[in-house]
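**Q** Structure provided below as structure tokens; questions to follow.
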Amino acid sequence: MSKIMTEDMKRIQAKQKSRRKPAKSTPGTEAYTPCPLCVPARAGFMTGRYPFSVGVADNSQAIASHEPTFAHSLSIGGYETTLIGRMHFNGLD
């Protein structure tokens, strides 16, 4: 089974996707972000921590490769993970 998580959808993209009515669905009524800026929000999404606690306070910074993310946890648990798009990591991972 595949799961897709997203953290960066523009309002128009969300509207376009909502036009397709699946047989079963769960409406999303609330959304939260730890930061209104792109890179810090992604850092929070990936690490489950506040962006400032992993050293990402603005769009010019990136997550250090030694910071654990939920993708690391899934890989350790035997899942194959793939990250697509801008993840803003520094160093080899």
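**Q** For residue 59 and residue 73, calculate 0.36 nm times their separation in residues minus their Cα-Cα distance, and state this gained length in nm to one decimal.
**A** Values: separation 14, 0.36 × 14 = 5.04 nm, distance 2.52 nm.
Difference between extended and current length: 2.5 nm.
**Q** If the chain between residue 38 and residue 80 were fully stretched, how many nm would it gain, using 0.36 nm times the residue separation less the Cα-Cα distance? Let's see the in-between values first.
**A** On the way: separation 42, 0.36 × 42 = 15.12 nm, distance 2.55 nm.
Length difference between fully extended and current span is 12.6 nm.
Read the figures in this text as sums done on the coordinates, not as results from a lab. Because the structure is predicted, anything quoted here is derived from the model rather than measured.
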